[in-house]
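To keep things clear, I will list the structure first and then write my remarks on it.
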Amino acid sequence: MSDAIKAATLEYATRLGDDSVVLGHRISEWISFGPFLEEDIAYGNVSLDYIGRARMFYTYAAELASDGRDEDDFAYMRNDREYRNLLLFEMPKGDFAYSQVRQLFADVYYTVLLPELVQSKDETLAAIASKAIKETKYHLRRSRDWVLRLGDGTEESHKRTQKAVDALWGYTHELFDMDETEQLLADEGIGVDVSQLRDAWLKRVTDILTEATLTVPEDSWEVKGGRIGYHTENLGHMLTEMQIVHRSHPGCKW
Amino acid sequence: MTPEENFMRKIEAEEKIEPKDWMPDTYRKNLIRQISQHAHSEVIGMQPEGNYITRAPSLRRKAVLISKVQDEAGHGLYLYSAAETLGISRSEMIEALQTGKAKYSSIFNYPVLTWADIAAIGWLVDGAAIVNQVSLQRTSYGPYSRGMIRICKEESFHQRQGYEAMLALAKGSPEQKAMAQDALNRFYWPALMMFGPHDSESAHSQKSMEWKIKRETNDDLRQKFIDQTVPQIEVLGLEHPDKALKWNEERGHYDSSDLNWDEFWSVINGNGHCNRQRLEHHIAAHDEGEWVRDAITAYNEKKRAKKAQNAA
């Protein structure tokens with residue numbers, strides 16, 4: 001592996017790890033707050049899958065960095081300006097409709113992304129993707145079912161769900177942005193060219209939203225910046241909470 | 001043989017009582033009380049531990065904690081289902097919890113303040129729960145007994161991970177060790193109280209023993225827990241919170257301090273740090289979920305209506 005590709009792969013694994021830990025953390029915030037007990041269990045499951053992915057991506061990033069850092073250094077010792085996750089994933093959990101719509105957007109994203117990443121020439125990334133595909137299949141079944149039920153449920157649930165779709169739509173464009181790092185990896189057959197995936201994503205999301213009697217918003221606004229560490233104000237608060245115990249005891253083992 | 005005689009014959013012969021079998025009304029009520037209280041404890045217990053999911057100090061600990069809290073939700077489900085076989089619905093049980101008619105384990109009225117508390121809960125609280133639940137695997141009511149067998153397997157995993165987390169702290173930095181000692185000091189006594197009042201003061205014990213709902217007395221189970229915990233504290237290298245603890249060669253058990261039962265009753269009766277908070281949290285989540293539950297009902301009705309229309 002050339003130095004440039006190694007550096008790009010390290011950055012890429014970190015980004016994917018950041019996406020997973022941030023979304024996994026947000027989902028975990030639901031535990032004991034679900035509308036009924038079965039949902040607390042489901043949230044636990046999905047959240048565990050993402051925390052598991054984060055650990056695999058970070059462990060790989062740490063291996064590439066080979067500077068003595070481990071998965072927890074990546075998760076706990078970087079601040080919000082250093083995090084490279086997509087903004088969509090850092091938005092606060094909101095109400096049940098908001099979290100399920102975000103989850104649908106994420107699940108369809110991984111449904112189109114992971115089959116590409118499985119083909120990566122990088123064996124580690126391909127192996128992580130292969131495990132994640134199975135999880136995402138189940139996640140999507142759940143978020144799709146929820147969006148259908150909420151969208152086509154009561155007047156209130158419809159209203160809340162449409163509001164969530166509208167509020168989150170502008171954060172989905174960033175999911176399909178490429179930069180030099182990712183382009184280099186895509187050219188090398190290591191990373192995924194996400195700019196090619198928006199049509200497939202949009203089609204699936206449109207089908208589901210339409211079936212749920214919801215309206216697909218116009219592309220009237222878009223907020224971006226996660227991949228360069230230009231975050232919303234939400235991430236700082238999230239990381240403050242997530243990192244407090246770890247950072248209060250530097251160098252300790254848990 | 002009358003149904004009552006047949007029931008007692010089964011109890012004496014160690015045969016399980018099953019949902020469709022005849023049973024005395026008080027047996028049924030006693031079981032509903034105990035099983036639903038147990039279910040509520042699992043569900044309310046998700047809160048103190050859930051409280052640290054977002055702050056867990058490593059990704060591994062975070063994953064373990066999430067999966068533990070998730071197991072507790074699962075235990076709540078098995079137990080609600082076991083209670084439902086006795087003719088009460090989950091929503092009736094939840095209402096009884098929320099109106100204070102049904103109790104949950106008072107241990108969850110104590111606040112979880114540090115990460116070490118999470119370790120101490122896994123080790124001591126789940127540890128005490130297992131001692132009780134191992135005994136309940138032999139309970140006379142079939143669905144409860146089978147639920148306990150399944151739950152015990154997971155609880156022993158919880159206890160091991162709690163102890164292992166405690167060990168990491170006890171062998172860690174001076175601050176971590178102090179945190180571990182502090183958690184042990186605060187949770188040791190309430191954990192002993194989890195076994196309930198002395199047998200002489202326990203309102204439900206005698207009948208429950210006769211019917212083999214309970215298989216061992218509160219005091220015997222507590223003694224088992226006290227004895228098993230001593231070497232565990234030694235391995236941790238922490239100080240035992242009970243300064244009067246002493247091995248009694250004649251009894252083959254440790255003698256220990258009297259528990260502060262005034263505090264026990266005071267916390268049960270509403271003076272714990274978290275009594276109101278736990279119920280308010282449960283009620284708030286339940287109320288906030290109402291529009292979601294309504295949406296499912298409405299959606300299902302629409303689908304049914306559509307199906308009927310298509311069939312016509």
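Throughout, read-outs are computed from the coordinates displayed, never taken from laboratory work. All values reported here derive from a predicted model rather than from experimental measurement. FYI the Cβ positions are ideal-geometry reconstructions off the backbone, even for glycines, and counts take in every protein chain you see.
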(request) Would you calculate, for chain A, the mean residue ellipticity at 222 nm contributed by helices, counting each DSSP H stretch of 4 or more residues as -39,500 (n - 2.57) and dividing by all residues, to the nearest 500? (result) -22000 deg cm²/dmol
(message) With a 10 Å cut-off between alpha carbons and a GNM built on chain A, which of A:T111, A:T240, A:T136 moves the most?
(response) A:T240
(request) Choose one answer from B:I32, B:I44, B:I296: the residue with the largest mean-square fluctuation in a GNM of chain B with alpha-carbon springs under 10 Å. (result) B:I296
(request) Would you list, by chain and number, the lysines whose Cα falls below 16 Å from the Cα of A:K6, excluding same-chain residues fewer than 8 positions away? (result) A:K121
(message) Net charge within 14 Å of B:Q137 by Cβ-Cβ distance, Lys/Arg positive one each and Asp/Glu negative one each, not counting B:Q137 itself?
(response) +4
(request) Find the centroid of the Cα atoms in the range A:54-73 and in the range A:202-254, then give the distance between the two in whole Å. (result) 22
(message) Only sites in a loop by DSSP and with at most 15 other Cβ atoms within 10 Å count here; which GluC sites (Glu not before Pro) in the range B:1-39 make the cut?
(response) B:E14, B:E15
(request) Give me the distance between the Cα centres of the range A:78-101 and the range B:260-298, rounded to whole Å. (result) 28
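My understanding is that a pair violates if its Cα-Cα distance is over 20 Å; which of A:K137/B:K303; B:K171/B:K246; B:K10/B:K207; A:K137/B:K302 do that in this structure? Can you show the working numbers first?
Details: A:K137/B:K303 24 Å; B:K171/B:K246 26 Å; B:K10/B:K207 16 Å; A:K137/B:K302 26 Å.
From A:K137/B:K303; B:K171/B:K246; B:K10/B:K207; A:K137/B:K302, over 20 Å: A:K137/B:K303; B:K171/B:K246; A:K137/B:K302.
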(message) Using 24 Å as the Cα-Cα cut-off, could you pick out the over-long pairs in B:K62/B:K177; B:K101/B:K214; B:K103/B:K212?
(response) none
(message) Just to be sure I understand: with springs between alpha-carbon atoms less than 10 Å apart, which residue in B:E250, B:E42, B:E95 has the highest mean-square fluctuation in the Gaussian network model of chain B?
(response) B:E250
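Can you give me the span-like helices of chain A, meaning DSSP H runs with 20 Å or more of Cα extent along the axis and Kyte-Doolittle mean at or above -1.0?
Values: long enough: A:3-28 (37 Å, 0.03); A:37-65 (42 Å, 0.03); A:96-117 (30 Å, 0.52); A:123-151 (40 Å, -0.46); A:155-169 (21 Å, -1.35); A:234-248 (21 Å, -0.21).
Both cut-offs are met by A:3-28, A:37-65, A:96-117, A:123-151, A:234-248.
Can you tell me the dipole magnitude for chain B around its Cα centre, using point charges on the Cβ only (Lys, Arg +1; Asp, Glu -1), in Debye to the nearest 20? It would help to have the intermediate numbers written out before the result.
Working: 40 positive and 44 negative charges, 283 e Å.
Approximately 1360 debye in magnitude.
Could you list the trypsin sites (Lys or Arg not before Pro) in the range A:22-85 that lie in coil according to DSSP, counting only those with at most 12 other Cβ atoms within 10 Å of their Cβ?
On the way: sites: A:R26, A:R53, A:R55, A:R69, A:R78, A:R81, A:R84; in loops: A:R69, A:R78, A:R81, A:R84.
Loop-located and lightly packed - A:R81.
Nearest 500 deg cm²/dmol is fine: what mean residue ellipticity at 222 nm does chain B get from its DSSP H runs of n ≥ 4 alone, each adding -39,500 (n - 2.57), divided by its residue count?
Helix contribution divided over all residues of chain B: -21500 deg cm²/dmol.
Ranked by Cβ crowding within 10 angstrom, fewest neighbours first, how are A:K224, B:K246 ordered? Mind dumping the intermediate values first?
Values: A:K224 15, B:K246 11.
Ranked by crowding around the Cβ, least crowded first: B:K246, A:K224.
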